[in-house]
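Take a look at the structure below.
The values are calculated or read from the model by the stated rules, or taken from the named source; none is laboratory data. Keep in mind the model is a prediction, meaning the values are calculated, not measured. So basically every Cβ, Gly included, is an ideal-geometry build from the backbone, and we count neighbours across all protein chains shown.
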Amino acid sequence: MVPEPIAAESRALLDSVRDLMLEQHKLLLDRERGKYETIHGPIAGPGPFLNLVLEHPQFAWLRQISTLIVEIDEALSRRSTAGQSEADALVEQVRELMAPRAEGSDFHGRYHEAVQESPEIVILQVRIERLLGK
């Protein structure tokens with residue numbers, strides 16, 4: 001049975017939320033980098049920073065956002081066989097992940113803290129929530 005194709009509205013929603021998540025991820029990476037450099041000193045450049053992002057435990061919590069962005073990219077790619085049910089599931093994953101709360105997973109606690117401390121991060125959070133109809 002061939003899955004129902006992703007509706008144009010869902011495709012547009014996923015594309016828009018992906019862009020906002022990418023912006024949020026960048027802000028969170030910059031914030032985490034600042035915290036890391038306060039403790040360990042300046043990072044020597046983009047290569048060492050990438051290695052830290054991929055391997056250092058301090059940045060591990062941010063991998064959930066990057067993984068979800070990749071899953072959205074894959075679902076929206078021209079070669080994808082993802083259908084509407086996968087698109088709906090991705091939207092729900094975004095709603096769950098991008099909901100800052102003090103309790104819950106390590107990600108949620110850290111994200112909640114970042115939203116509380118950074119005006120730029122809170123502005124993007126509001127944009128994400130509005131896009132998702134929260």
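Note on the stretch 8-56: residues that are farther than 30 Å from G83 by Cβ, surrounded by fewer than 15 Cβ atoms within 10 Å (Cβ to Cβ) and over 16 Å from the mean Cα position of the chain (by Cα) amount to 17. The single condition among (1) surrounded by 17 or more Cβ atoms within 10 Å (Cβ to Cβ); (2) over 17 Å from A12 (Cβ atoms); (3) of a type in the set (A, V, I, L, M, F, W, C); (4) at pLDDT below 95 that A82 does not satisfy is (2).
Looking at S118, is it over 30 Å from P5 (Cβ atoms) and of a type in the set (S, T, N, Q)? Judged against the criteria, S118 is a match. Taking (1) under 19 Å from D19 (Cα atoms); (2) touching a Leu at 6+ places or on another chain (Cβ under 9 Å); (3) surrounded by 16 or more Cβ atoms within 10 Å (Cβ to Cβ) in turn, R95 satisfies each apart from (3). Restricted to helices (runs of 4 or more DSSP H) entirely inside the stretch 57-134, those with at least 3 residues that are within 20 Å of K26 (Cβ to Cβ) and touching a residue at least 40 places away in the same chain (Cβ under 8 Å) are 63-76, 106-117, 119-131. Answer yes or no as to whether R101 is out of contact with any Gly (no Cβ under 9 Å at 6 or more places or on another chain) and not acidic (D, E). No; evaluated as a whole, the condition is false for this residue.
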